[in-house]
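Asks: Quick one: structure below, then a few questions.
The values are calculated or read from the model by the stated rules, or taken from the named source; none is laboratory data. Because the structure is a prediction, the values reported are computed rather than measured. Glycine also receives a Cβ, built like all others from the backbone with ideal geometry; neighbour counts cover every protein chain displayed. Each accessible area value is taken on the protein alone, full model and side chains, heavy atoms only, with ligands, DNA and RNA left out. Shrake-Rupley method; radii C 1.70, N 1.55, O 1.52, S 1.80 Å.
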Amino acid sequence: MFNTVRAMAICAMAFASLSATSALADEPILIKFSHVVADATPKGQGALLFKQLVEERLAGKVKVEVYPNSSLFGDANELEALRKNDVQLLAPSLAKFEQYTKQLQVFDLPFLFDDLDAVNRFQKRAKGRQLLRSMEDHNIVGLAYWHNGMKQLSATRALNMPGDANGLSFRIQPSAVLEAQFAQVGANSQKLPFSEVFKALQSGQVQGAENPWSNIYSQKLHEVQPFISETNHGVLDYMLVSNSRFWYGIPHQIRMELEAIIDEVTYVVNKQAEAANQADRQRIVDSGRSQVINLTAEQRQAWRDAMRPVWEQFQGQIGSDVIKAAQTVNRKHRE
């Protein structure tokens, strides 16, 4: 999965950091997997499945401890803890890596990918796999992409065309790309913690947001957003990451088995996430609390055309090669 020569070099550097873990031949390698969500979520279930499969297939060689709900480390300090090897596996959202690499901003670029299938194709091809290794200089190595879902636009008025967003204020995650995205259509944006989104929409502090269906339903955002446009304009994903020196310091055969398990778990997590999004979309429709708007092909193209300057604005940071590779995975490649 990873470049063998590079892995061997990092393996040598990792010997000292791993010595405390594997000093005794009979002592298993300890992997602490920390995350900030509940066990019942796709990410939480993925962590537990990883633990289960490792204990079944690598009993006595590797031990996995799972810490959900920020019980070990939270959003604010988990990546620094990983870099110090105080924890060995995390799955933060892609937006959390902005300080370590700008290339992952490609997933925030609006209307770049046609749909989740296009995202999957990009993540499986060479450029997407290269992005997993884009933070190794910071002692962070990506192991897999885990889906949360494609984002939809919700608001207090129907968003059919780009001009319909003019003057509205949208909640966003901290992201320069997302700020530019809404500014491009004459809208404002406010950076707010996810836990505050419902109250902000309910009070009118902001009038819109962008979220996957599962987030909208679980947080009851459809109860305070009368319109949801099915835009699929960006992806909200996680990256499963480890400490580079730790990971490449694991004996080769064991590491290959762990990576095979991760591939298996990733497939399950991504299937669960997509199923949850589709089920929650239907629950929102059935609730009658919010009108789901299906964009025509012409309307979606109008949004894409309106947002294209954002791609150009961030091309220098992300890389024209990355954006080009993302464009080519769409069913009808658009220059």
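Asks: If I ask for residues that are acidic (Asp, Glu) and either in contact (Cβ under 8 Å) with a residue 60 or more places away in the chain or within 17 Å of Lys43 (Cβ to Cβ) (or both), which ones from segment 79-116 would you list?
Replies: Answer for segment 79-116, where residues must be acidic (Asp, Glu) and either in contact (Cβ under 8 Å) with a residue 60 or more places away in the chain or within 17 Å of Lys43 (Cβ to Cβ) (or both): Glu98, Asp108, Asp114, Asp115.
Asks: Kindly indicate whether any position in segment 36-59 is open to solvent by 70 Å² or more (accessible area, probe 1.4 Å), at pLDDT 95 or above, within 21 Å of Ala260 (Cβ to Cβ) and in contact with a helix residue (DSSP H, G or I) (Cβ under 7 Å, 6 or more places away or on another chain).
Replies: yes
Asks: Could you check segment 133-175 and list, in sequence order, the residues that are within 24 Å of Arg304 (Cβ to Cβ) and assigned to a loop (DSSP other than H, G, I, E, B)?
Replies: Of everything in segment 133-175, those that are within 24 Å of Arg304 (Cβ to Cβ) and assigned to a loop (DSSP other than H, G, I, E, B) turn out to be Lys151, Thr156, Arg157, Ala158, Leu159, Asn160, Met161, Asn166, Gly167, Leu168, Gln173, Ser175.
Asks: From (1) among the basic types (Lys, Arg); (2) farther than 30 Å from Glu312 by Cα; (3) touching a residue at least 60 places away in the same chain (Cβ under 8 Å); (4) surrounded by fewer than 21 Cβ atoms within 10 Å (Cβ to Cβ), pick out the condition that doesn't hold for Arg121.
Replies: (2)
Asks: Moving to a separate point now. Do we find that Ser93 is farther than 30 Å from Ala183 by Cα and either under 14 Å from the mean Cα position of the chain (by Cα) or small (Gly, Ala, Ser) (or both) in this structure?
Replies: no
Asks: Could you tell me whether any residue of segment 161-175 is open to solvent by 10 Å² or more (accessible area, probe 1.4 Å) and within 15 Å of the chain's Cα centre (by Cα)?
Replies: Yes, some residue in segment 161-175 is open to solvent by 10 Å² or more (accessible area, probe 1.4 Å) and within 15 Å of the chain's Cα centre (by Cα).
Asks: Do we find a residue being open to solvent by less than 10 Å² (accessible area, probe 1.4 Å), closer than 21 Å to Gly319 by Cβ and of a type in the set (Val, Ile, Thr) anywhere in segment 82-96?
Replies: Among the residues of segment 82-96, not one is open to solvent by less than 10 Å² (accessible area, probe 1.4 Å), closer than 21 Å to Gly319 by Cβ and of a type in the set (Val, Ile, Thr), which makes the answer no.
Asks: Also, quick follow-up: With the checklist (1) hydroxyl-bearing (Ser, Thr, Tyr); (2) at pLDDT below 80; (3) open to solvent by 40 Å² or more (accessible area, probe 1.4 Å) in hand, flag the one item Ser70 doesn't pass.
Replies: (2)
Asks: Right, here's the next one. Go through segment 28-46 and count every residue that is over 15 Å from the mean Cα position of the chain (by Cα) and not in a loop (DSSP other than H, G, I, E, B).
Replies: Qualifying residue count for the region: 7.
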